[in-house]
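Novice: Below is a structure I'd like to ask you about.
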Amino acid sequence: MNIFEELGEKESVFKCKKYLDHRFLPENLPHRDEQIKSVAKYWIEALSNVTPPDVTIYGKTGTGKTAVAKFARKQLEQVARDKNVNVRVEYIRCTDYTTEYQVIARLCQQMGQDVPYRGWTKGEVIQAFRNLFKKNVFGKNLILIIVLDEIDILLKNDGDGLLYTLTRTENVSIASISNYVEFKQFIKPRVKSSLRDREIVFPPYNAHQLVDILNERVQMSFKDKALQKEVIPLCAAMAAREEGDARYALDLLRTSGELANEKGTEMVYENYVREAKDQIEHNKVTDIVMTLPSQQKKVLESLLYLTNRKEEITSGRLYDIYKEITKGDSVSYRRIFDFINELEMLGLISTKTVSRGRGKGRTNIIDLQCDTQLLEDAMWQ
Ligand SMILES: Nc1ncnc2c1ncn2[C@@H]1O[C@H](COP(=O)(O)OP(=O)(O)O)[C@@H](O)[C@H]1O
Ligand SMILES: [Mg+2]
């Protein structure tokens, strides 16, 4: 028998698994009415051919920022089409297009202008983008809303030139989305002042809200009565503890279902959720560690060393250990700071600044945010 047919014949707890995929955009976003309305309140101006104010959307991972932006985009485009108003919303994920050049080239491409991803000067690319408005390629008075999702790392690595350029392009409104409230530190005053900026905050979901979100998905994706009744509340509770992350809640649910299929049970049991948690954590840590550059791994190694010794980890102490481990083949203290930032963005560590009392200044304290055993396994495998 063909392997695919054989596998296809196996019983599954899923009815339609694609509804548990990250890329699926639900019709309905429970507990995000307020945030959707906030975005709409600003964007609605586009329908009267006025450039909407810029918005910044903040919130921790999995609080629905991307989903809300895409939802609002869909709704706005629908009305704009019906009313025959010239509005476009372009979505860019800045982890895929990581410099000003790339983002603007991508925007041109999405709008039908063929611009190469390398080879031109930045000035040429910007000109091509501005020409899209000048030549009235899109008819009169195009209003363009640009969603810059996950903008943090771009700003940090490439500076605020992108925002500078876009805020100086007429008829463009920017919606930047960030997981970190502090991301504005990367924007210089000259740009800050021209961002006509409204802030929308996405709070973490609590366990009850996550239950509602999961319930809707379960109906679409799992067969009837495939879940033991504790499964949804448990996924929700665990994800609420992980800073109200809906993506994590959905991952737990999907992985638990996959475990049921692997084990060949007709039902997803409560203990599968706990197993799923370990599996997800394990995969996350291994994925991150596997792709880290070697100097970054040395930093993690130093962190592990200090954590195992139960020492309080300051960046200075970390750098000392790091230098010992690398035996001269080390990068500057400044670079270590960048590494620490990146590890924090990846969720492997957390940092907090503490004051040492008058005259002693402030110190950064670093904490590992994952299981040390898991991390060790991932490092040495
Ligand atoms: N209120 C909600 N209702 C239904 N699904 C949601 C809701 N909020 C988030 N999700 C889902 O959770 C996952 C993470 O949401 P996402 O918008 O990507 O979060 P963020 O961009 O804030 O990290 C996505 O699969 C999304 O569809
Ligand atoms: Mg997102």
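Novice: All but one of (1) within 18 Å of the chain's Cα centre (by Cα); (2) open to solvent by 60 Å² or more (accessible area, probe 1.4 Å) hold for Val68; state the number of the condition that does not hold.
Specialist: Unmet condition: (2).
Novice: Looking only at the range 48-60, count how many residues are surrounded by fewer than 16 Cβ atoms within 10 Å (Cβ to Cβ) and either within 16 Å of ligand 2 (Cβ to nearest atom) or of a type outside the set (S, T, N, Q) (or both).
Specialist: Initially, the range 48-60 is screened for residues surrounded by fewer than 16 Cβ atoms within 10 Å (Cβ to Cβ), giving 48-50.
Still in the list and also either within 16 Å of ligand 2 (Cβ to nearest atom) or of a type outside the set (S, T, N, Q) (or both): 50.
Total meeting the criteria: 1.
Novice: Within the range 132-140, is there a residue that is within 16 Å of ligand 2 (Cβ to nearest atom) and in the same structural domain as Ile44 (by TED's automatic domain parsing)?
Specialist: At the first step, the residues of the range 132-140 found to be within 16 Å of ligand 2 (Cβ to nearest atom) are none.
No - not one qualifying residue is present in the range 132-140.
Novice: Let me ask you something else. Mind listing just one residue for me: the one in the range 79-110 that is over 24 Å from Phe183 (Cβ atoms) and charged (D, E, K, R) and, of those, most open to solvent (accessible area, probe 1.4 Å)? Can you show your working first?
Specialist: Going residue by residue through the range 79-110, those that are over 24 Å from Phe183 (Cβ atoms) are 79-88, 108-109.
Subset that is charged (D, E, K, R): 81-83, 88.
Numbers: Arg81: 165, Asp82: 131, Lys83: 124, Arg88: 64 Å².
Checking each candidate, the answer is Arg81.
Novice: Those residues that are buried (at least 19 other Cβ atoms within 10 Å of the Cβ), within 9 Å of ligand 1 (Cβ to nearest atom) and not basic (Lys, Arg), I need them from the range 211-225; list them, please.
Specialist: Listed by number, the residues that qualify are Ile213, Leu214.
Novice: Which members of the range 269-307 meet the condition of being buried (at least 18 other Cβ atoms within 10 Å of the Cβ) and small (Gly, Ala, Ser)?
Specialist: Within the range 269-307, Ala276, Ser302 meet the criteria.
Novice: Shifting gears a bit: Is the range 144-155 home to any residue that is away from ligand 2 (no atom under 16 Å from the Cβ) and open to solvent by 40 Å² or more (accessible area, probe 1.4 Å)? Explain how you work it out, then say what you get.
Specialist: Taking the range 144-155 and keeping what is away from ligand 2 (no atom under 16 Å from the Cβ), we get 144-145.
After this cut, where a residue has to be open to solvent by 40 Å² or more (accessible area, probe 1.4 Å) as well, the list is none.
Looking for residues that are away from ligand 2 (no atom under 16 Å from the Cβ) and open to solvent by 40 Å² or more (accessible area, probe 1.4 Å), one finds none in the range 144-155, hence no.
Novice: Can I ask one more? Could you please tell me which pairs satisfy a Cβ distance under 6 Å, a separation of 6+ or placement on different chains, a first residue in the range 144-157 that is within 17 Å of Ile340 (Cα to Cα), and a second residue that is within 11 Å of ligand 2 (Cβ to nearest atom) and not in a helix (DSSP H, G or I)?
Specialist: Listed pairs, sorted by first residue: Asp152/Ser178; Leu154/Cys94.
The values are calculated or read from the model by the stated rules, or taken from the named source; none is laboratory data. Computed from a prediction, not measured in an experiment: that's the story for all the values here. Glycine also receives a Cβ, built like all others from the backbone with ideal geometry; neighbour counts cover every protein chain displayed. To get the accessible areas, we keep the full protein, side chains included, count just its heavy atoms, and leave off ligands, DNA and RNA. Shrake-Rupley method; radii C 1.70, N 1.55, O 1.52, S 1.80 Å.
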